[in-house]
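Heads up: the structure comes next, in structure tokens.
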Amino acid sequence: MPQSIPSEFLAIDRKARALSPCDQISLRPAEERVRDFNEVIIPMGAECAQIAASRCIHCPDPAGCVVACPTHNDIPSAMWLIEQGDFLAAANLYQETSSLPEVCSRVCPHEALCQGACVLVKSGDPVLTGYLESFVMDFAREMGLISIPVGEPTGKRVAIVGAGPAGLGCAEQLVRKGHQVTVFESKPEAGGLLVYGIPNFKLTKDVVINRIRDLQKVGVEFVFNTYIGKDKTIDQLLAEGYEAVFVGVGTQVDAPLKVEGSRLPGVFPATEFLIRTNVLEHYLPQDMPHMEKVGNKVVVIGGGDTASDALRSALRLGAKEVTCLYRRTEREMPGGKKDRQMAREEGARYQFLTQPIRFLANDDGQLAAVECLRMELGEPDESGRRRPVPVEGSNFIVECDTVVLALGYWPDPVIGDTTPELETHNWGLIVTNPETGATTRPGVFAGGDAVTGPDLVVTAMYAGRKAAASIDEYLKSK
């Protein structure tokens, strides 16, 4: 039971609290939001936040929402503080266990984590935990009261490779310990997938950049356009005087679709498509100019959250017909239902049990269509999902001007290939001690998607925090 909540408060009838009004998340109308890349969620007001937080019935420890949160945020205490109107105290509470609360509150699949574990789900609607976390963090930001405490300087230098969620989480914790931190990033701006993968309508760039500026204010140095493994190696970083290195490069290689015509003009990997359609020009890599038009007919291949992001981005760029092709049924789709629902509201269409087998060109050599096969579900495969089986002779054509391949991500093997004694597996994932993040190379730690494969923003950030604690112990032992 959270220690900050008075016992007389908890004595209030729990059933009455659970039945108090539930304020739903408010979205901009689909016909309005599809015309721009602004956030689709309408921020709640202070009174609404207090009402929504008052629905928490403060379950005894261990509360399901706390257990389900990868960072174990003290959500019941935060809900009580919000109900009392102490929004700044709630924001500070989130910052004790999370390095990116303003980000995770927007992009976490709350229905599968804290919100999904709320006991009120059994009788109706859960407490809007993510929405409320976002509210208090925005409130604290507007008040200018977000800061990172800095520890007594230790004189120890740490290099972080990758400025995504794992790297940012590690940097924030190390600077609290007093260590000097330098973050090396291959792109022109920090944030990783938060800036270069997630569209503005889900996570505005300002939210991420503000957090990066917080780190810069307390002395974290960022070195951009530097690709560790190509421009410089891990060994060189250690030779330059960094006493430890954290690798948080994520999984940034798009899985290909090995079919005829996959290199035709108009066929794009999802990463390139999302960067070129969502990122401000001064953040764009030199080899990826901004994409203004996508044509009238866009096809997205894949079933995860990246596919939803690509569908919704294409609609905002003026495409008239936007279709998702997926080789299984919707039941097997790995992406979030919430994003699919919003994509449908905005005009996206889905064709299930559909397997692309060839891309077709017009007389000018440009993409014109994708040839597909109908599928049916067979026996389960190694993932536990039923295997898609082609239906012989079911070929059909889907016309398109642009195709986006959102088929998942692979690790970049360059770190493993250029770092002696660093053990990798599964095409480049880094082997670590799961408790400490230590790799097989002394002084080198890793975490996030580079270790686990594609996962959540919050789990990558938490891995960076855990590794930072281990790095601190390692530096003390030296």
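Are any residues in region 235-255 assigned to a strand (DSSP E or B) and β-branched (Val, Ile, Thr), and if so, which ones? Before you say what the answer is, go through the steps one by one.
Filtering region 235-255 down to residues assigned to a strand (DSSP E or B) leaves 244-247, 253-254.
Val245, Val247, Val253, listed by residue number.
Within region 225-256, restricting attention to residues that are aromatic (Phe, Trp, Tyr) and either without any contact (Cβ under 8 Å) to a residue 40 or more places away in the chain or surrounded by 16 or more Cβ atoms within 10 Å (Cβ to Cβ) (or both), the residue that is farthest from Leu100 (Cα to Cα) is Tyr242.
Here Gly261 meets the list (1) surrounded by 16 or more Cβ atoms within 10 Å (Cβ to Cβ); (2) on the phi < 0 side of the Ramachandran plot; (3) not assigned by TED's automatic domain parsing to the domain that holds Thr459 almost entirely, failing just condition (2). Within region 75-116, the residues that satisfy the criterion of being outside any helix (DSSP H, G or I), among the polar types (S, T, N, Q) and within 26 Å of Ala468 (Cβ to Cβ) are Ser98, Ser99. Exactly one residue among Thr306, Thr354 is among the β-branched types (Val, Ile, Thr), buried (at least 16 other Cβ atoms within 10 Å of the Cβ), at pLDDT 95 or above and within 22 Å of Glu39 (Cβ to Cβ), and that residue is Thr306. Examine region 320-330 for a residue that is touching a residue at least 60 places away in the same chain (Cβ under 8 Å) and under 26 Å from Ile41 (Cα atoms), and state whether such a residue exists. For region 320-330, residues touching a residue at least 60 places away in the same chain (Cβ under 8 Å) and under 26 Å from Ile41 (Cα atoms): present.
With the condition kept exactly as written, say whether any residue in region 212-234 is within 18 Å of Leu274 (Cα to Cα) and either touching a helix residue (DSSP H, G or I) at 6+ places or on another chain (Cβ under 6 Å) or assigned to a loop (DSSP other than H, G, I, E, B) (or both). Show your work before the answer.
First, pick out the residues of region 212-234 that are within 18 Å of Leu274 (Cα to Cα): none.
Looking through region 212-234, none of the residues is within 18 Å of Leu274 (Cα to Cα) and either touching a helix residue (DSSP H, G or I) at 6+ places or on another chain (Cβ under 6 Å) or assigned to a loop (DSSP other than H, G, I, E, B) (or both).
When you scan region 99-108, do you find a residue that is more than 24 Å from Leu168 (Cβ to Cβ) and not hydrophobic (A, V, I, L, M, F, W, C), even just one? No: zero hits.
Which of the residues belonging to region 117-134 are among the hydrophobic types (A, V, I, L, M, F, W, C), surrounded by 19 or more Cβ atoms within 10 Å (Cβ to Cβ) and part of a helix (DSSP H, G or I)? Working first, answer last.
Here is the first cut: in region 117-134, the ones among the hydrophobic types (A, V, I, L, M, F, W, C) are 117-121, 127-128, 132.
Keeping just the survivors that are surrounded by 19 or more Cβ atoms within 10 Å (Cβ to Cβ) gives 117-118, 127-128, 132.
Hits for region 117-134 are Ala117, Leu132.
Filtered by the rule that a residue be farther than 24 Å from Ala368 by Cβ, over 18 Å from the mean Cα position of the chain (by Cα) and part of a loop (DSSP other than H, G, I, E, B), region 256-287 gives Leu280, Leu284, Pro285, Gln286, Asp287. Of all residues in region 147-171, those that are buried (at least 19 other Cβ atoms within 10 Å of the Cβ) and of a type in the set (Val, Ile, Thr) total 3.
The values are calculated or read from the model by the stated rules, or taken from the named source; none is laboratory data. Note that this is a predicted model, so its numbers are computed, not measured. Using ideal geometry, Cβ is built from the backbone for each residue, glycine included, and neighbour counts are taken over all protein chains shown.
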